[in-house]
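Here is the structure we will look at, set down as structure tokens.
The values are calculated or read from the model by the stated rules, or taken from the named source; none is laboratory data. Computed from a prediction, not measured in an experiment: that's the story for all the values here. Every residue, glycine as well, gets a Cβ built from its backbone with ideal geometry; the counts of neighbours run over all protein chains shown.
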């Protein structure tokens, strides 16, 4: 929380002090994103995910996505103000990658919960029934997500997606940091599992299937159920 | 039985010989249950090559643990995966480079492409490095780099910049472009290889996270800088350039004036 106020103070002083600068963007003030806090300690997800990985993943990787996304947004603002269309287009790659990284990881932290606080408990209620209907059984869903996650070449994410128009669940994968909406505008992410190597390498080395098998122990089905019910309400 | 033996002895003429052969052939086919079974066992098979140095020779820039895992597990898995796919695939009789071009299928890769390309890419990567590497190239290679990039520093900066611009997993290459007839720095995603585009790779750097995460965590910049300054094998680069020049004419054409 304190970090957030510090950041906004910095933005304010920059805007005031930067009035003399030729760029209009700084005076307008670009809306930036901030790194969300975790609701649990770095080590709370052990032994499924080590504290070292959680700390690096949150403080380094996610933080870098946030910083680069903010930078790209400022550059985008400047390019739009200057009506530099080719600069606007060129920034899209950085925005998609870093913005997607921020979006995906923000969902990911909420998808995880320590075992002591309910992580790993199977889904109940409407989501549980929907899973049985669309996949046959909870085990079948886990097996499918593990298979697709292991088969993904390179870096990416595997998602449990809800199609809010068709009102159906599906398993999707996205490459690199592409958010789920790139696979379908009506897709809402309920659960995302990061299969970039940085998400598991220090602990599981090259054995991605072991990471996938173990992460289910700390998956926060309660959050997924809430999202499901809110979307379909 | 006795009659056929007599037949052999008394009439050793070709017709009798042919008949004898046919008799033998028929029984061999019968014994093996048909001709087709003989050809099922012929498949392609690729082996894992070993890096040309001990696994701890690249310390402290690439730890023994990383090389052991990267070569012993990742590279080995690609080889095993490829051989498993080829056991039931119609692709037979290719060198690895030709298999990559064939499996790339002009942008619509066949399932064997990923494994084949990664087997080749990693082999190329191990050979691109050496203990006590880095520094400056000599002679013709340095001249060519200075010609195509302006200076060695420019090349080094462009290589590092390309590594940082690559988002996600992939490789950074110094390639000799066939059509432009010059050296160029490119990066490719996942397993894509410049071989598929017809260019000649000269150096490769693995930017999948498994290549540097244990040693550098998320600090890709230091990994690339160390690779450039301490690991590149300019000897191998020289050999590769020499070979490449037999395919690409890097000199100016000698057009005689009438």
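Scanning the stretch B:177-193 for residues that are closer than 25 Å to residue B:142 by Cβ, without any contact (Cβ under 8 Å) to a residue 24 or more places away in the chain and within 14 Å of chain A (Cβ to nearest Cβ) yields no hits at all. Taking the stated definitions as given, is residue A:139 under 24 Å from residue A:210 (Cα atoms), more than 14 Å from chain B (Cβ to nearest Cβ) and surrounded by fewer than 16 Cβ atoms within 10 Å (Cβ to Cβ)? Judged against the criteria, residue A:139 is a match.
Looking at residue B:51, is it crowded, with 17+ Cβ neighbours inside 10 Å, free of Cβ contacts under 8 Å to residues at least 12 places away in the same chain and touching a helix residue (DSSP H, G or I) at 6+ places or on another chain (Cβ under 7 Å)?
Numbers: crowded, with 17+ Cβ neighbours inside 10 Å: yes; free of Cβ contacts under 8 Å to residues at least 12 places away in the same chain: no; touching a helix residue (DSSP H, G or I) at 6+ places or on another chain (Cβ under 7 Å): yes.
No: the conditions fail for residue B:51.
In the set A:180, A:202, A:160, only one residue is farther than 20 Å from residue A:65 by Cβ and either within 14 Å of the chain's Cα centre (by Cα) or touching a residue at least 24 places away in the same chain (Cβ under 8 Å) (or both); that residue is A:160. Taking the listed residues B:157, B:146, the one that is surrounded by fewer than 20 Cβ atoms within 10 Å (Cβ to Cβ) and farther than 19 Å from residue B:251 by Cα is B:157, with no other qualifying. Where helices (runs of 4 or more DSSP H) fall entirely within the stretch B:67-147, those with at least 2 residues that are farther than 25 Å from residue A:208 by Cβ and out of contact with any strand residue (DSSP E or B) (no Cβ under 7 Å at 6 or more places or on another chain) are at B:96-104. Of A:53, A:95, all but one fail to be within 14 Å of chain B (Cβ to nearest Cβ), assigned to a helix (DSSP H, G or I) and under 17 Å from residue A:178 (Cα atoms); the exception is A:95. Taken over the stretch B:212-229, the criterion of being at the interface with chain A (Cβ under 9 Å from one of its Cβ atoms) and part of a helix (DSSP H, G or I) is satisfied by B:213, B:214. If you go through the stretch B:194-211 and keep only what is crowded, with 20+ Cβ neighbours inside 10 Å and within 14 Å of chain A (Cβ to nearest Cβ), you end up with B:206, B:207, B:208, B:209, B:211. Take residue A:216 and decide whether it is away from chain B (no Cβ under 14 Å) and farther than 23 Å from residue B:189 by Cβ. Judged against the criteria, residue A:216 is a match.
Taken over the stretch B:212-227, the criterion of being at pLDDT below 95 and either at positive phi or under 22 Å from the mean Cα position of the chain (by Cα) (or both) is satisfied by B:217 alone. Considering only residues that are surrounded by fewer than 16 Cβ atoms within 10 Å (Cβ to Cβ), within 14 Å of chain B (Cβ to nearest Cβ) and on the phi > 0 side of the Ramachandran plot, which ones fall in the stretch A:144-199? Passing the criteria: none in range.
Taken across the stretch B:155-176, residues that are within 14 Å of another protein chain (Cβ to nearest Cβ), part of a strand (DSSP E or B) and in contact (Cβ under 8 Å) with a residue 12 or more places away in the chain do occur, with at least one present.
Return yes when residue B:248 is assigned to a strand (DSSP E or B), in contact with a strand residue (DSSP E or B) (Cβ under 8 Å, 6 or more places away or on another chain) and away from chain A (no Cβ under 14 Å) and no when it is not. Write out each step before concluding.
Details: assigned to a strand (DSSP E or B): no; in contact with a strand residue (DSSP E or B) (Cβ under 8 Å, 6 or more places away or on another chain): yes; away from chain A (no Cβ under 14 Å): yes.
When the stated conditions are applied, residue B:248 does not pass them.
State whether one or more residues within the stretch A:120-134 are under 23 Å from the mean Cα position of the chain (by Cα), within 14 Å of chain B (Cβ to nearest Cβ) and not in a helix (DSSP H, G or I). No, the stretch A:120-134 has no match at all.
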